[in-house]
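Below is one structure, written out as structure tokens, with a few remarks after it.
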Amino acid sequence: MTTLAADKSERIHGLTQTNNSHIKRSYDMPAMLILSEDGKIFYANKEAGELLDLSPKQLSKLHISKVILELINMDLLEEGKKRVNAYLRFLSRIGYKFELCNLHGKRFSGVLFFNDIDLHGRHSVVVLIYPDSKVYSNVIYQFNEGE
């Protein structure tokens, strides 16, 4: 197997190795939020509820900047267009790690993907969140040394 194929295989299986440490990730089902054009969450899957420590119903109508802290001072959409801001698309394409926060103040990072969709004739934005770590109550677990 080539190095490229091995790297791709590791990413598919959610295991990345760096300096004898393993970072375990679960890519089975990402946290998914669907946003209206004004950035308000109108749908959150179960995984998003677990990650952000609220039920999907509690997440609805919450502005995305309450969860993705970098969006506080950034426009979600390009001005006058029904398209995600080009800078956000670029950051998601290169695997930038966004700082996120659950609603109880626990901070963590994750790779995000922004997608424009037409949902029942209205422009919406899907945000997929792949956290670097799992958030469990007051503790964030990230690394398992020497596995």
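The values are calculated or read from the model by the stated rules, or taken from the named source; none is laboratory data. Note that the structure is a prediction, hence the values are computed from the model and not measured. Ideal geometry is used to build each Cβ from the backbone, glycine not excepted, and the neighbour counts take in all protein chains shown. Side chains are part of the model used for accessible areas, which takes the heavy atoms of the whole protein and leaves out ligands, DNA and RNA. Shrake-Rupley method; radii C 1.70, N 1.55, O 1.52, S 1.80 Å.
Restricting to segment 57-77, give me the number of residues that are in contact with a helix residue (DSSP H, G or I) (Cβ under 8 Å, 6 or more places away or on another chain), open to solvent by less than 100 Å² (accessible area, probe 1.4 Å) and closer than 13 Å to Lys40 by Cα.
6
So which residues in segment 100-117 are at pLDDT below 90, open to solvent by 50 Å² or more (accessible area, probe 1.4 Å) and within 29 Å of Lys82 (Cα to Cα), if there are any at all?
Leu103
Within the set of pairs 6 or more residues apart or between chains, which connect a residue that is under 18 Å from Tyr130 (Cβ atoms) inside segment 38-56 to a residue that is acidic (Asp, Glu) and open to solvent by 10 Å² or more (accessible area, probe 1.4 Å) with Cβ atoms less than 9 Å apart?
Between residues of segment 38-56 that are under 18 Å from Tyr130 (Cβ atoms) and residues that are acidic (Asp, Glu) and open to solvent by 10 Å² or more (accessible area, probe 1.4 Å), the close pairs are Glu47/Asp28.
Give the residue that is most open to solvent (accessible area, probe 1.4 Å), with candidates limited to residues of segment 78-91 that are at pLDDT 90 or above and either in contact with a Ser or Thr (Cβ under 6 Å, 6 or more places away or on another chain) or of a type outside the set (Lys, Arg) (or both).
Looking at the filtered set, the residue picked out is Tyr87.
What are the pairs, 6+ residues apart or on separate chains, where a residue within segment 58-72 that is touching a residue at least 12 places away in the same chain (Cβ under 8 Å) has its Cβ under 6 Å from a residue that is assigned to a helix (DSSP H, G or I) and open to solvent by 40 Å² or more (accessible area, probe 1.4 Å)?
Listed by first residue and then by second, the contacts come to Ser65/Ile72.
Identify, from the list Ile34, Ile72, the residue that is in a helix (DSSP H, G or I) and of a type in the set (A, V, I, L, M).
Ile72
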